[in-house]
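The values are calculated or read from the model by the stated rules, or taken from the named source; none is laboratory data. Just so it is clear, the structure is predicted and the values come from calculations on it, not from any experiment. Using ideal geometry, Cβ is built from the backbone for each residue, glycine included, and neighbour counts are taken over all protein chains shown.
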Amino acid sequence: MAEQFSEDLLIEILCRLPIKSLIMFKCVSRSWNSLISNVCIPRISSMSSPLSGFLFRFSPMTPRMDYVSYSDEVITDNDATSNGFVEAYSSLLPSKYSPYHVVNCCNGLILLVSESVCRYYVCNPAIKQCVAIPKARAHAKAHNALIAFDPHESSHYKVICFPNSLHCPAFKTPELDIFSSETRKWIRYTIPVEPPLDKGSNWIKHNVYLDGMLYKLTKSKQLLIFDLKKLIARAIEVPEKDKTDTYGFIGVSKGVLHYANSDGSSMLIWQLDYRTEAGCFWILKQSICFRDLIAEHPDGWMLYDRRNICMCKPYAIHPTLDIIFLGLPRKVFIYHLKTKKLELLWTRPFERQLFWGQYGFYLYSCCFIMLDDFSKGRNESTKLGTLTEETNGVELETVSDDREDIQIKPDEFFKAGRC
């Protein structure tokens, strides 16, 4: 019967199905499997997925994460929801290399690391799939890392490590180790920065990926912008950097990079504009006066400490709505930028405080892209120090047993879809 429909019409029909039904229909035939895997699921994933929840960590003594489910209408803050989500993706990982630390989360994919063996894993909780990233021999210890992924661009992702951790010495060009799920290789690149970092740079752990660019704040209050396509970088000053002692926060909303910082009395939110040929510049989007919050909202007093100083910081920016999430070590608030409405999202007991604060608070949204299994076929790697002709990068050697512990544990409907 499907032969009576054109391929375009069949795609339109399939893309309207629930995701579980769509995956099950992969076993109808090889042509359907290919069509659903290569066309339908990427198209569905490229649509803006609503914000599903938040991942965060309370204690530096344990790698366990907590999770709060969120939607624009309902906030679900209970232990059952938290434990269920965390245990679901944790069960996909090989138990022999636990514990695992969540390193980063980007557009539905979670990057984890087993520090005992310095192995990175990429997990997609929405379809209950997890893959081990081939281990580079040069990675003798876990580095500052992140995952760069945008389903609007591609179904492939990149895992990026900073070999020099969170510090770049003076006059030294930063290095990035990049693993591409498309090429299945680790490549070390030397990324020139303009203007040069003549005083060195200490980097903030938090990262943002947008439109092929990697954004990273420094403790000298600069914004480093790494162009992952052209393999160049530049450093720009953050706005009004001398008016506060804190480093600020970056996030993405409506496809635009935002920067927010507070001085204890107010919070300024800026957005980065690329429309001029001369380069990018900051535009002030909104100013939030904390005194007004106290006067207008019953929960506003909770933003202040005993010294009558507002200690809240920007924790996250909603990816599609005019909302910013303000945080304290034990509380997170929702602030609506247009209506100026303040809501308490959740609170925790005194003994449970957010570890890493605003830099360890990850947004999560569902993604239905299927991850490549790197255990299928071996990808011979050149040895460390060999230049790749097309990129002038240095390909890193992977260890010989780097695929033995790869785990993919799909649930029953996903297993049916892969038959």
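Going by the conditions given, is residue 89 surrounded by 22 or more Cβ atoms within 10 Å (Cβ to Cβ), modelled with pLDDT under 90, in the same structural domain as residue 317 (by TED's automatic domain parsing) and in contact with a Gly (Cβ under 6 Å, 6 or more places away or on another chain)? Break it down into steps so the answer makes sense when it comes.
Values: surrounded by 22 or more Cβ atoms within 10 Å (Cβ to Cβ): yes; modelled with pLDDT under 90: yes; in the same structural domain as residue 317 (by TED's automatic domain parsing): yes; in contact with a Gly (Cβ under 6 Å, 6 or more places away or on another chain): no.
Against the criterion (surrounded by 22 or more Cβ atoms within 10 Å (Cβ to Cβ), modelled with pLDDT under 90, in the same structural domain as residue 317 (by TED's automatic domain parsing) and in contact with a Gly (Cβ under 6 Å, 6 or more places away or on another chain)), residue 89 does not qualify.
For the range 100-122, state whether one or more residues are of a type in the set (Lys, Arg) and modelled with pLDDT of 80 or more. So that I can check it myself, show each step before the final result.
Step one: list which residues in the range 100-122 are of a type in the set (Lys, Arg), which gives 119.
Next, from what is left, pick out any that are modelled with pLDDT of 80 or more: 119.
Scanning the range 100-122 turns up at least one residue that is of a type in the set (Lys, Arg) and modelled with pLDDT of 80 or more.
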Self-check item: Wholly enclosed strands (runs of 3 or more DSSP E) of the range 178-238 bearing at least 2 residues modelled with pLDDT under 90 and over 16 Å from the mean Cα position of the chain (by Cα)
Solution: 201-210
Quiz item: Limited to the range 145-177, what total is found for residues that are modelled with pLDDT of 85 or more and part of a strand (DSSP E or B)?
Solution: 12
Self-check item: Flag for residue 137 being surrounded by fewer than 17 Cβ atoms within 10 Å (Cβ to Cβ), at pLDDT 85 or above and basic (Lys, Arg)
Solution: yes
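Can you find even one residue in the range 256-264 that is among the polar types (S, T, N, Q), assigned by TED's automatic domain parsing to the domain that holds residue 316 and within 30 Å of residue 294 (Cβ to Cβ)?
Of the range 256-264, the ones among the polar types (S, T, N, Q) are 261-262.
Filter again for assigned by TED's automatic domain parsing to the domain that holds residue 316, leaving 261-262.
Okay, now just the ones that are also within 30 Å of residue 294 (Cβ to Cβ), so 261-262.
Scanning the range 256-264, I find at least one residue that is among the polar types (S, T, N, Q), assigned by TED's automatic domain parsing to the domain that holds residue 316 and within 30 Å of residue 294 (Cβ to Cβ), so the answer is yes.
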